[in-house]
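Taking it in order: structure first as structure tokens, then the write-up.
Nothing in this text is a laboratory measurement; each read-out follows from the coordinates by a stated rule. From a predicted model like this one, the values you see are computed outputs, not experimental measurements. Using ideal geometry, Cβ is built from the backbone for each residue, glycine included, and neighbour counts are taken over all protein chains shown.
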Amino acid sequence: MFVHPERYVSMFKSMKIRRVGVLYSEEKSGWYLQLARKAARKAGLELVVREISAPRETVEQLSTLAGKVDALWMLPDTTAVTRETSEAYFRFGQQHSVPVISFAPNYLGLGAATVLEIDRVALGRQAFALAAELLKIGTENSENRTFRFPQKVVLKHNPLSVKKSDDDT
């Protein structure tokens, strides 16, 4: 579910977003946030980060972002984003006129402005190629392999949400 953070950072820059609010759990997505911070710093963006350890902290931590962010970035973090907390992101976005950027197309219907969705067919092909490579070289060398992000990502917009954000600026 994780798209390379540089893809999001590039999208934020194209949307002229400078300060991005992010809620995360160190346990679930701390590794990803480290990469996102590097990409954001390199691009001159500011990530306004709030760490949570339980879903019940989401609403309170979102409220601390009021007036401090130009957008919210929902990570695929099962502590920060749950069925119960996802509505809080969109409520915050509406109340504070900031777009919510997500990872799953089902959030477009709830109010996400933009989604970077992993192309699942391409992901299957990528997994097949990796498995074939591992079979060819053997698993003894697999420790030297690096993590690979999905190669093909589809950008989807919610025209109503994007229009509302444009009208507010």
Checklist outcome for this item: FRET efficiency for Gln94 and Arg18 from the Cβ-Cβ distance with R0 = 25 Å, rounded to 0.05, comes out at 0.75
Checklist outcome for this item: Residues meeting the amide H criterion for Val20 (H placed from the backbone, H to H distance under 5 Å, 5 or more places apart or on another chain) are Glu46, Leu47, Val48, Asp70
Checklist outcome for this item: Any residue on another chain or 5+ positions along whose placed amide H is under 5 Å from the amide H of Ile52 is listed here as Tyr24, Ser25, Glu26
Checklist outcome for this item: Expected sort for Arg37, Arg83 with the fewest Cβ neighbours (10 Å cutoff) up front is Arg83, Arg37
Checklist entry - Counting only residues 5 or more places away or on other chains, whose amide H sits under 5 Å from the amide H of Thr114 once H atoms are built in the peptide plane? => result Val100, Ser102, Asn158
Next on the checklist: What number do you get for region 22-68 when its Cα radius of gyration is normalised by 2.2 N^0.38 Å, N = residues?
Outcome noted: 1.20
Next on the checklist: Per 0.36 nm of contour for each residue apart, how much would the distance between Glu87 and Gln34 grow if the chain were fully extended, relative to their Cα-Cα spacing?
Outcome noted: 16.5 nm
Checklist entry - Over the Cα atoms of region 38-110, how large are the radius of gyration and the largest Cα-Cα distance (Dmax), in Å? => result 12.1, 34
